[in-house]
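Participant: Before we start, here is the structure in question, set down as structure tokens.
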Amino acid sequence: MGSQRVVFATAFLRALATGGTGVLLGFYLSALRLSPAEVGLVVGAGLAGAAAALLAVTLAGERLGRRRTLILLAAISGAGGLAAAVGSSPAVLAACAFAGMLNGMGRDRGGALALEQAILASSARAEERTRALAWYNVIQDAGHALGSILAAAPTLLRQAAGLEEVASLRAAMAGLAVLSAAPLPLYLLLPASVEATRGAAAARVSPESRRMLSRICALFGLDSLAGGFLTTAMLSLYFHERFGADEGTVGLLFLGARGLNAASHLAAAWLARRIGLVNTMVFTHIPSSLLLVTVVFAPSFPVAAVLFLLREGLVEMDVPTRQSYVLAVVRPEERVAASGATNLVRLGAWAAAPALAGAVLGGASGAVPFLLGAGMKIAYDLLLWKSFRRTKPPEEG
């Protein structure tokens with residue numbers, strides 16, 4: 001089994017667990033009669049654990065070894081999740097959530113992601129790197145979506161086995177914990193060639209790469225901060241308040257949007273081979289922001305929905321291309337550090353942005369998040385193109 005196939009399989013299994021946990025964690029904590037503040041504590045602890053793991057991978061993942069680190073992360077995630085499935089007190093649950101890296105956001109952003117992206121970049125030829133990362137994102141999207149369906153497990157357990165609510169939720173959370181550890185035996189199949197070529201020295205990033213990563217991280221932070229003004233929750237609320245769309249209608253709209261997101265990852269790989277990675281990032285992202293602005297002026301929900309779906313077909317074309325670009329412009333032994341640093345910045349900005357948006361936009365028109373978020377994203381695109389249009393990856397040199 002080749003290293004790419006192993007990574008695709010492990011990413012899918014982890015995404016299943018993450019997607020299911022994102023939906024069920026709130027229900028589980030509520031059934032345990034935790035207060036809203038205690039629920040927030042536990043969910044925040046899980047995200048903090050994911051961030052801590054990502055930081056550890058960034059600093060020491062290469063020194064410990066990619067395969068060994070992935071095995072360790074899978075084991076810790078499964079153990080922490082199982083402990084959370086039997087815990088009851090807020091303090092114990094928070095500690096278990098931190099250790100198990102329980103992800104209440106429903107999207108994988110942890111340490112394993114950085115390691116797997118580095119392995120994909122190392123195992124693919126330069127001209128195939130973006131395509132491999134595009135498929136990686138598509139597989140993760142599919143896993144997250146199917147994982148959400150697993151959230152029906154407690155209801156099925158109550159109907160089929162007669163379990164009480166808490167017992168059914170504990171069983172489902174335990175199942176998801178086992179699923180999060182399922183990649184472990186597959187990681188044992190990874191060949192020695194997935195490791196960096198320079199052993200312990202791989203942890204050191206060259207001054208040139210450090211300067212480049214500093215600029216990239218600053219720009220990615222701006223983009224993620226802008227994304228915090230455009231969360232699914234805020235967009236759903238806008239469609240409801242402006243057009244009176246109900247939950248079912250908005251849910252179908254976002255189902256279509258996620259399908260277009262997944263297809264756009266593959267389209268991005270095709271386009272990047274023709275116009276380049278930076279051009280693909282910028283020249284698809286700016287139109288997506290402009291389309292978002294037009295939603296504000298749409299006269300009806302059907303028009304707004306069409307414009308929004310057109311935007312969703314473009315907005316994530318920069319995901320596999322930016323991953324590929326970051327991994328291409330640093331040395332092979334620096335890829336884990338580069339992926340970890342950029343994902344850590346994005347995770348931090350993503351987590352902080354909603355609270356900032358709430359403070360800045362309190363009482364403002366529902367259109368303001370669209371306009372402000374789109375404006376920040378366009379500024380990010382222009383700065384990215386100005387800073388990196390002349391820095392080419394190997395396949396474009």
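Taken together, the values in this text are just the output of simple stated rules run on the coordinates, not laboratory data. The structure presented is a predicted model; accordingly, all values stated were derived computationally and were not measured. No Cβ is skipped: glycine too gets one built from the backbone with ideal geometry, and neighbour counts run over all protein chains shown.
Participant: Please give the per residue volume of the convex hull enclosing the alpha carbon atoms of the stretch 14-121, rounded to a whole number of Å³.
Facilitator: Per residue, the Cα convex hull of the stretch 14-121 comes to 84 Å³.
Participant: For a quick check: sort Ser324, Ser122 by the number of other beta carbons within 10 angstrom, fewest at the front.
Facilitator: Listing Ser324, Ser122 from fewest to most nearby Cβ atoms yields Ser122, Ser324.
Participant: Here's a follow-up. Select from the chain the helices, each a whole stretch of DSSP H, whose alpha-carbon atoms run 27 Å or more along the helix axis and whose Kyte-Doolittle mean is at least 1.0; answer none if there are none.
Facilitator: Both cut-offs are met by 3-31, 36-64, 66-86, 277-296, 335-361, 368-388.
Participant: Hey, fewest Cβ within 10 Å first, where do Val282, Val178 land in order?
Facilitator: In increasing order of surrounding Cβ atoms, one gets Val178, Val282.
Participant: Choose one of Leu25, Ser122, Leu13: the residue whose Cα lies farthest towards the positive end of the charge dipole of the stretch 3-186 (beta-carbon charges +1 Lys, Arg; -1 Asp, Glu; about the Cα centre).
Facilitator: Ser122
Participant: Please work out the ratio of the alpha-carbon Rg of the chain to 2.2 N^0.38 Å and round it to two decimals.
Facilitator: 0.98
Participant: For the stretch 206-392, what is the largest minus smallest coordinate of the Cα atoms on each principal axis, given in angstrom and ordered from greatest to least?
Facilitator: 54, 37, 26
Participant: Please work out the C-alpha center-to-center distance from the stretch 114-156 to the stretch 66-108 and express it in whole Å.
Facilitator: 20
Participant: On average over all directions, what projected area in square nanometres does the stretch 3-186 have, based on the convex hull of its Cα atoms?
Facilitator: In nm², the orientation-averaged hull projection of the stretch 3-186 is 10.0.
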